[in-house]
Amino acid sequence: MKLLRSLATATLVALILASLASLNAHAVTIDWVTVGNPGNANDTTGYGAVSYEYRIMKFEFTNDQYAAFLNAIDPDGTNPNSVYNANMGTNGRGGITNTGTTAGSIYAAKENMGGKPVIFVNWWDAARVSNWLHNGAQTYGSTDSSASAPQNNGAYTTGSATTGSAVPVNAGALFSIPTENEWYKAAYYNPTLNAGTGGYRVYGNGFDSTPGTVTADASGVGSAGGVGNFANYNFVTDWNGQTGNVTTVGTNGGASYYGAFDMSGNVWEWNDLTGALGASRGTRGGSWASDASGVSSAVRGAGDASFDASLSTGFRLASPVPEPSTYAIALAGLTCGGFSMWRRQKRA
């Protein structure tokens, strides 16, 4: 009997692991940093106050990650909701092709572009990535572009819309486009300044003085190696035949106090800006094409959520901090005959 129970348990474990592997065939690995010190005051610019802990992506969303998203929600390459922008393949700074011939592998990062931030994405694209992650980053096996498609609901109720006013984030969203205050705090706030009462840096690499400009090697890796007062801006990262270009995330100078990289330069990043009206949504951080002012905390951008999918704009996402759970991982629940997933707390 013991042997039979052991075999049955082993079979159950194997089935669950196989199911998890299937569900997450196109899952992406995301590094997060926790932004603590809730209740901080605004900067003199009027931004940055956040009353709760949260997480934000350590790096900008990359071409490798976006290609995985595309292959998951569009395995046959029919491009529902126009989530693939043709400039990703044809533009020299774009990083993703759509020329594969095997279902589920239609999209692929170009050579040397996998670790670069995805560009030519509008606000709606970032919202659909949030939905995909919220729903488990599963392979849906469908290109259904109706309101019932998982990439169109969850964190945001986008339906099949691709244009018009951006929609608000839903309560209980596990992933979302950062609010402007969330993005600003993660980039510039430092609780150790002003004798421990907290304050803000001017640049998202942890410095107040104008950053030096990085250069790029032949494969687009930044010269700073992720340390020091440097950033990718001012058209100086010349590689791949381009005068100024995106560079590998995390190789362009120091991180913010909380450990997020490239929050000054490389690409502008979408946020849900404070006081947004209609279709307008915010961008922050500047890009490879910005001047020194543009990559500082002084400048906030805005763009149409539907149409502003430019060669210098990408995104990173935010997420609630996971709550303590009775079972830290799913397999822990097997010993009690159950299956437990991490719970996440809501952001206020």
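Within the stretch 237-264, how many residues turn out to be in contact (Cβ under 8 Å) with a residue 60 or more places away in the chain, part of a loop (DSSP other than H, G, I, E, B) and more than 30 Å from N37 (Cα to Cα)?
Matching residues across the stretch 237-264 total 5.
Among the residues in the stretch 112-130, are any basic (K, R), surrounded by 21 or more Cβ atoms within 10 Å (Cβ to Cβ), at pLDDT 95 or above and not in a helix (DSSP H, G or I)?
The answer is yes, given that some residue of the stretch 112-130 is basic (K, R), surrounded by 21 or more Cβ atoms within 10 Å (Cβ to Cβ), at pLDDT 95 or above and not in a helix (DSSP H, G or I).
Could you tell me which residue of the stretch 85-104 is surrounded by the most Cβ atoms within 10 Å (Cβ to Cβ), considering only residues that are without any contact (Cβ under 8 Å) to a residue 60 or more places away in the chain and in contact with a strand residue (DSSP E or B) (Cβ under 7 Å, 6 or more places away or on another chain)?
Within the stretch 85-104, the first condition is being without any contact (Cβ under 8 Å) to a residue 60 or more places away in the chain, and the residues that meet it are 86, 88-90, 96-103.
Checking which are in contact with a strand residue (DSSP E or B) (Cβ under 7 Å, 6 or more places away or on another chain) leaves us with 88-89, 96-97, 100.
Numbers: M88: 27, G89: 17, I96: 23, T97: 19, G100: 14.
Per the criteria, the residue is M88.
Which residue out of T274, T283, T247, T237 is under 17 Å from T179 (Cα atoms) and crowded, with 24+ Cβ neighbours inside 10 Å? I'd like the intermediate steps shown before the answer.
Working: T274 fails: crowded, with 24+ Cβ neighbours inside 10 Å; T247 fails: under 17 Å from T179 (Cα atoms); T237 fails: under 17 Å from T179 (Cα atoms).
Of T274, T283, T247, T237, the one residue that is under 17 Å from T179 (Cα atoms) and crowded, with 24+ Cβ neighbours inside 10 Å is T283.
Can you tell which of S310, S325, S306, S340 is small (G, A, S), in a loop (DSSP other than H, G, I, E, B) and at pLDDT 90 or above? I'd like the intermediate steps shown before the answer.
Numbers: S325 fails: at pLDDT 90 or above; S306 fails: at pLDDT 90 or above; S340 fails: at pLDDT 90 or above.
Testing whether each residue is small (G, A, S), in a loop (DSSP other than H, G, I, E, B) and at pLDDT 90 or above leaves just S310.
Do we find that A147 is assigned to a loop (DSSP other than H, G, I, E, B), modelled with pLDDT under 95, under 26 Å from N271 (Cα atoms) and of a type outside the set (S, T, Y) in this structure?
On the way: assigned to a loop (DSSP other than H, G, I, E, B): yes; modelled with pLDDT under 95: yes; under 26 Å from N271 (Cα atoms): yes; of a type outside the set (S, T, Y): yes.
So A147 fits the description; yes.
Collect the residues in the stretch 172-195 that are over 26 Å from T157 (Cα atoms) and either acidic (D, E) or assigned to a strand (DSSP E or B) (or both), keeping them in residue-number order.
Listed by number, the residues that qualify are Y189, N190.
Right, N170: out of contact with any helix residue (DSSP H, G or I) (no Cβ under 6 Å at 6 or more places or on another chain), among the polar types (S, T, N, Q), on the phi < 0 side of the Ramachandran plot and surrounded by 18 or more Cβ atoms within 10 Å (Cβ to Cβ) or not? Explain how you work it out, then say what you get.
Values: out of contact with any helix residue (DSSP H, G or I) (no Cβ under 6 Å at 6 or more places or on another chain): yes; among the polar types (S, T, N, Q): yes; on the phi < 0 side of the Ramachandran plot: yes; surrounded by 18 or more Cβ atoms within 10 Å (Cβ to Cβ): no.
Criteria not met by N170.
The values are calculated or read from the model by the stated rules, or taken from the named source; none is laboratory data. All values reported here derive from a predicted model rather than from experimental measurement. Ideal geometry is used to build each Cβ from the backbone, glycine not excepted, and the neighbour counts take in all protein chains shown.
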